[in-house]
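The values are calculated or read from the model by the stated rules, or taken from the named source; none is laboratory data. Small disclaimer: the values here were computed from a predicted structure and weren't measured. Here Cβ is always computed from backbone atoms with ideal geometry, including for glycine, and neighbour counts include all displayed protein chains. Each accessible area value is taken on the protein alone, full model and side chains, heavy atoms only, with ligands, DNA and RNA left out. Shrake-Rupley method; radii C 1.70, N 1.55, O 1.52, S 1.80 Å.
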Amino acid sequence: MDNSTYVSLSRAAALRRSLDVTANNMANANTVGFKAQRADFRTMVESQQTGADGTSYVLNRGSYLDGSQGQLTRTDNPLDVAISGNGWFAYATPTGQTAYGRDGRFSINQRGDLVTLTGAQVLDEGGAPIAIPADTGTQLQIASDGTITGPQGATIAKIGLFDVPGIADFKRIGAGMFVAPDGSNARSPAADSKISQGFVEESNVQPVIEMTRMMEIQRAYEQAMKIMDDENQLRQQTLSKLGNTA
């Protein structure tokens with residue numbers, strides 16, 4: 001294949017990746033706490049020995065996380081909490097992993113643990129599961145810093161809010177959760193975040209924008225494929241003429 005074919009192929013591969021990312025965003029437009037993902041591409045220029053301008057290829061650089069704030073929706077459920085800011089909740093999953101997410105729809109299981117809808121234990125600021133006393137019920141007060149107090153005003157625990165460097169490179173495990181690919185646990189307290197009780201944070205995906213982006217990607221992908229088809233037909237015609245000449 002010549003350079004023009006490689007250029008078209010690199011563009012088509014990049015567009016296919018963008019389409020997959022956009023489709024995943026669309027599928028999670030109603031997922032509480034979901035953060036949209038964006039494909040990240042760069043131009044790679046291959047220099048020419050003749051001194052002419054190089055050939056530009058599309059280089060896949062992975063993806064990055066759209067950290068913009070999702071809309072807060074009031075539920076008045078005392079166990080629903082939403083984060084304002086860049087912080088993340090920490091969870092202990094049923095499989096023993098430490099995960100991070102923004103879905104604050106919590107409940108209390110039969111053992112008295114504060115858990116997510118998927119059964120992951122919510123962790124406190126020290127990284128330990130949060131246990132709610134049996135006689136407390138759901139009449140809890142949760143302050144903006146995550147401090148949980150019971151009906152009598154006694155402090156029970158403090159929900160952890162963490163800054164997680166490099167979370168865009170973490171593995172998504174569903175339910176808006178991320179786990180470190182190497183099992184590391186690098187995090188620090190989130191100083192710029194606060195909690196709102198009785199609210200949930202909606203997905204930051206904007207369906208109309210994502211749909212428009214998907215249509216643009218599909219058109220560009222079809223164009224890239226057409227260019228490769230045209231080049232292939234031209235090559236076949238050239239070889240056919242050369243064969244007839246010989």
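A few comments on the model shown:
- When nucleic acids and ligands are ignored and a 1.4 Å probe is applied, M177 ends up with an accessible area of around 10 Å².
- Normalised per residue, the accessible area of the stretch 57-124 is 46 Å², obtained with a 1.4 Å probe and no contribution from ligands, DNA or RNA.
- FRET efficiency, 1/(1 + (r/R0)^6) with R0 45 Å, evaluated for S240 and N185 via beta carbons: 0.10
- The stretch 58-115 - percent of accessible surface contributed by carbon and sulfur, probe 1.4 Å: 45 percent
- Taking a straight Cα-Cα cut-off under 23 Å and skipping sequence neighbours fewer than 8 places away in the same chain, the lysines within cross-link reach of K158 are K194.
- Angstrom value of the Kirkwood radius, inverse mean 1/r, which spans all Cα pairs in the stretch 165-207: 13.0 Å
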